[in-house]
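Enquirer: Right, I'll just put the structure down here and ask away after.
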Amino acid sequence: MQISGSERLYTTKMKFFRNISYKKNIAYLFSCAIFFMVTSCEEDLTNNKGKNNKNFASQIINNANIIQRDSGFVTMRAKAPIIEKYELIDSPYTVARKGVNILFFDKKKPNVPGTIKAKYAKFYDYKQFYEARGDVRITTNENERFAMQTVFWDQRKKRIYTRDTVYVTMKDGSTLIGAHGMTAKDDFSEYVFYQNSGDFTTDKLSEKQK
């Protein structure tokens, strides 16, 4: 069977248009796929923005020197190599990850501060609550020295406490070990040790066995 020139031309044209139509369909499907991919990405970004973690440092202070006052009287000075303030969360806090050196002042002896030193400290702003960790060393303005691994300071209740073993050197050189921690007023005018032992003698000390 012979095919005329006009029929051959018609067949070629049909193939050509089918190829164009096929390519158009592929291009359309490809553009749709890109559209849905972009839309999906935009939705993911929107969802992620709504779930952003706000627990990041809003302020970073190098070589920090912080002063706290009460009715004009300086109650505390804190120095730290670096301090990070987390202020965008529900319970703001401040962290000294590389250690802290705190001077705390008593109105009875304003010129003789006590000290707290630690490798790490954290302060909860609203609660006015401190925690210090890592080779904590406390020296009172009476030159009594306390050594422990962790200590907590509730400024509102004016209490300092720990459940760690506490090693104490009194100003007369006598020593004490509080095997199960202690609690004290934050000016150290009173304190209680738990399951203590040592060679100390002091009228200030209250003893409690647990």
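Enquirer: GLY181: net charge of surrounding residues, Cβ under 9 Å, Lys/Arg +1, Asp/Glu -1, itself excluded?
Expert: Here the charged neighbours net out to 0.
Enquirer: Output the pairs from LYS85/LYS107; LYS79/LYS122; LYS79/LYS119; LYS85/LYS185; LYS119/LYS171 with a Cα-Cα distance over 18 Å in this structure; if there are none, say none.
Expert: The pairs that break the limit, which is 18 Å between Cα atoms, are LYS85/LYS107; LYS85/LYS185; LYS119/LYS171.
Enquirer: Across region 89-171, how large is the tail of the calculated P(r) beyond 17 Å, expressed as a percent of all Cα pairs?
Expert: Taking all Cα-Cα pairs of region 89-171, the fraction more than 17 Å apart is 49 percent.
Enquirer: Ratio of Rg to Rh for region 61-210, alpha carbon only, Kirkwood?
Expert: Reported Rg/Rh (Cα atoms, Kirkwood Rh): 0.98.
Enquirer: Taking the simple approach of a point 7 Å from Cα along Cα-to-Cβ for both ARG163 and ASN62, what is their distance in nm?
Expert: For the pair ARG163/ASN62, the computed spacing is 4.0 nm.
Enquirer: To continue, here is another question. Just to confirm, what accessible area per residue do you get for region 58-160 at 1.4 Å probe, in whole Å²?
Expert: 56
The values are calculated or read from the model by the stated rules, or taken from the named source; none is laboratory data. None of the values given here were measured: they were computed from a predicted structure. Don't worry about glycine lacking a Cβ; one is built from the backbone with ideal geometry, like all the others, and counts go over all protein chains shown. Note: accessible area is taken over every heavy atom of the protein model, side chains too, but ligands, DNA and RNA are not part of it. Shrake-Rupley method; radii C 1.70, N 1.55, O 1.52, S 1.80 Å.
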